[in-house]
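Engineer: After the structure tokens below, expect a handful of questions from me.
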Amino acid sequence: MHYGSRSPARISSAQAQSIAQQWLRARGSTLTAGDPESYPGYYTLHTTRDGKISGMLSVNSSTGQVWYHTWHGTYITMSQR
């Protein structure tokens with residue numbers, strides 16, 4: 001995902017959300033891509049079902065490549081630090 005990439009983002013956050021949604025649909029998923037959070041070199045989005053968080057994926061901000069986060073396990077809750 002090119003962490004810490006110094007190249008400028010070619011993909012906007014709106015485009016990242018659209019790419020994520022298209023990626024989900026192409027795989028037959030009924031999940032919805034949430035709002036993107038920007039990080040150096042990529043965006044991360046929660047996936048939701050019926051308005052509840054069910055997972056997470058990332059979109060590379062230079063290439064648009066999608067990376068689904070499978071290692072997190074079942075979503076329980078989110079905390080703020």
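Engineer: Could the peptides 31-37, 48-54 be put in order, highest first, of the mean number of other beta-carbon atoms found within 10 Å of their residues? If you can, show how the numbers build up before the last one.
Structural biologist: Values: 31-37: 18.1, 48-54: 11.0.
In decreasing order of mean packing, 31-37, 48-54 become 31-37, 48-54.
Engineer: Follow-up. Given H placed on each backbone N at 1.01 Å, which residues far from residue 54 in sequence or on other chains put an amide H within less than 5 Å of it?
Structural biologist: 47, 48, 49
Engineer: So what J values fall out for the stretch 14-19 if you push phi through Karplus, 6.51 cos²θ - 1.76 cosθ + 1.60 with θ = phi - 60°, rounded to Hz, Gly and Pro as x?
Structural biologist: These are the phi-based 3J(HN,Hα) values: 5, 5, 4, 5, 5, 4 Hz.
Engineer: So, how do all the Cα-to-Cα distances of the stretch 13-68 break down into 5 Å bins, in percent, from 0 on up?
Structural biologist: Using 5 Å bins, I get a P(r) of 4, 24, 35, 24, 10, 3, 0 for the stretch 13-68.
All of the numbers you see were taken from the coordinates with simple rules; none came from a lab. Bear in mind that the values here come from a model prediction, so they are computed numbers and not experimental data. No Cβ is skipped: glycine too gets one built from the backbone with ideal geometry, and neighbour counts run over all protein chains shown.
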